[in-house]
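Input: a single structure, listed below in C-alpha cells.
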Amino acid sequence: MTSAAFDLSGKVALVTGGNAGIGLAMAEALAEAGADVCIWGSNPDKTTAAGEQIERHGTRVLALACDVSDESAVDAATEEMIAKLGRVDACFANAGVSGRGPSFLEMSTEEWRRVLSVNLDGVFFTLRAAARHMVAQGDGGALAVTSSLAAIEGQPRGEHYAASKGAVVSMMRALAVELGRHKIRANAILPGWIETDMTREWMKQEVVQDRVLRRVPARRWGIPQDFGAIAVYLASDASAYHSGDTLLIDGAYALF
Ligand code: NAP
C-alpha cells in the first residue's frame, strides 16, 4: 500500500462543523491529501477564518455559513458547493452541540429539541443532501458521521446528547445497507475524550482529570489532529470495501 491509495486529488469533501476542533482537523488533513474542501459552520466569521487557514494546503476551499438544523439552509449550501466545486465525494456530518442541564428530571423539552435538532436532524439533512448528489454522480462516495462514546456508554445528564449520538450510529448502518449498491459507504466515528472548544473548560476540572484521564490507556486527552488520518482513509478509495462500521478513536478508553 503506497501513499497513492490516500491521494484525494480530484475529490471534493464536505465537513460540517469544519471551522473548529475535530472538523477543522479533518478538513485540514483532507486538503493536505489533495481534496477540495467545503466547510460549514453556523458562525460566519469563524467559518471564514477557518477557510483561510485550510487554503494553505493549496486546494480549493469553500467556507459557508450554514446552520445544519435548518433544512433549507442545508439544501442551499449543498447546491452552492456543487455549483462552485462541481461535485461531492465525501461528506463528514460532524457538526454537533453538547447538552446542558442539571438532570434528566429537569430537562426541558426545549433543551431536548435544541440538541436533537443539530445532532440528529442536522445529520439527516446533511447526509440526505450529499447522498442525493452521490447517487446522481454515479461513482460512489463516502458518508461519515461524528458520533460519540455516549452512543455506547451511559452518559448521565446527557440523555439527549446520547440519544442523538446513538441514533446516528444506527442511521449509518441503515445507510450502509441501502446505499451500498451505489458504491456509497457509511461509517460512524466515535471520539473519546478530545480537547476542543466543546470540552476544554470542563476538562480543566480536577475531578475530571482525576476520574477520566486515569481511565485512558493512552494516558492523554485526544486532540483534533487524531482525526485527520481516519478522515483521509474514509474519503479515499482505500476504504472502498469498509462500510457500516463504528470506529472508536478513544485511546482505548472504552475498553478499560
Ligand atoms: P467544537 O470545537 O465545539 O466543534 C463543534 C463544531 O460544530 C463547530 O465547528 C461548530 O461551528 C459546529 N456547529 C455547532 N452547531 C452547528 C450548527 N447548528 N450548524 C452548523 N455547525 C454547527 O467541538 P468538537 O469536539 O470538535 O465537536 C465535533 C463533533 O465531535 C461534535 O459532533 C461532537 O458532538 C463530537 N464529539 C466530540 C467529543 C469531544 O470530546 N470533543 C467527543 C465525542 C464526540 P459554529 O460554532 O460555527 O456553529
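The values are calculated or read from the model by the stated rules, or taken from the named source; none is laboratory data. Quick caveat, the model's predicted, so the values are computed rather than measured. Virtual Cβ from ideal backbone geometry, glycine too; neighbours counted across all protein chains shown. Surface accessibility is based on the protein's heavy atoms, side chains included, excluding ligands, DNA and RNA. Shrake-Rupley method; radii C 1.70, N 1.55, O 1.52, S 1.80 Å.
Structure notes:
- Options THR196, THR126: the member that is on the phi < 0 side of the Ramachandran plot and assigned to a helix (DSSP H, G or I): THR126
- A Cβ distance below 9 Å, combined with a sequence gap of six or more or placement on separate chains, defines the contacts here; from region 26-46, residues that are more than 20 Å from VAL68 (Cβ to Cβ) and free of Cβ contacts under 8 Å to residues at least 24 places away in the same chain reach no residue that is more than 9 Å from the ligand (Cβ to nearest atom) and among the aliphatic types (A, V, I, L, M).
- Filtered residues of region 151-161 (kept if away from the ligand (no atom under 11 Å from the Cβ) and assigned to a helix (DSSP H, G or I)): GLU159, HIS160
- Inside region 76-110, residues that are under 20 Å from VAL135 (Cα atoms), open to solvent by 20 Å² or more (accessible area, probe 1.4 Å) and either within 14 Å of the ligand (Cβ to nearest atom) or within 17 Å of the chain's Cα centre (by Cα) (or both) make up a count of 1.
- Filter pass, ALA13 being of a type outside the set (D, E, K, R), open to solvent by less than 20 Å² (accessible area, probe 1.4 Å) and touching a Lys or Arg at 6+ places or on another chain (Cβ under 7 Å): no
Rundown of residues vs (1) under 19 Å from PHE92 (Cα atoms); (2) at pLDDT below 95; (3) open to solvent by less than 20 Å² (accessible area, probe 1.4 Å), yes/no style:
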{"site": "GLU178", "(1), (2), (3)": "yes, no, no"}
{"site": "GLN205", "(1), (2), (3)": "no, yes, no"}
{"site": "VAL212", "(1), (2), (3)": "no, yes, yes"}
{"site": "GLN225", "(1), (2), (3)": "yes, no, no"}
{"site": "ALA235", "(1), (2), (3)": "yes, no, yes"}
{"site": "GLY244", "(1), (2), (3)": "yes, no, no"}
{"site": "ILE249", "(1), (2), (3)": "yes, no, no"}
{"site": "PHE256", "(1), (2), (3)": "no, yes, no"}
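- Filter result (in a helix (DSSP H, G or I) and either without any contact (Cβ under 8 Å) to a residue 40 or more places away in the chain or over 18 Å from PRO191 (Cβ atoms) (or both)) within region 129-150: ALA129, ALA130, ALA131, ARG132, HIS133, MET134, VAL135, ALA136, GLN137, ALA150
- Filtered residues of region 35-54 (kept if open to solvent by 20 Å² or more (accessible area, probe 1.4 Å) and more than 6 Å from the ligand (Cβ to nearest atom)): ASP36, PRO44, ASP45, THR48, ALA49, GLU52, GLN53
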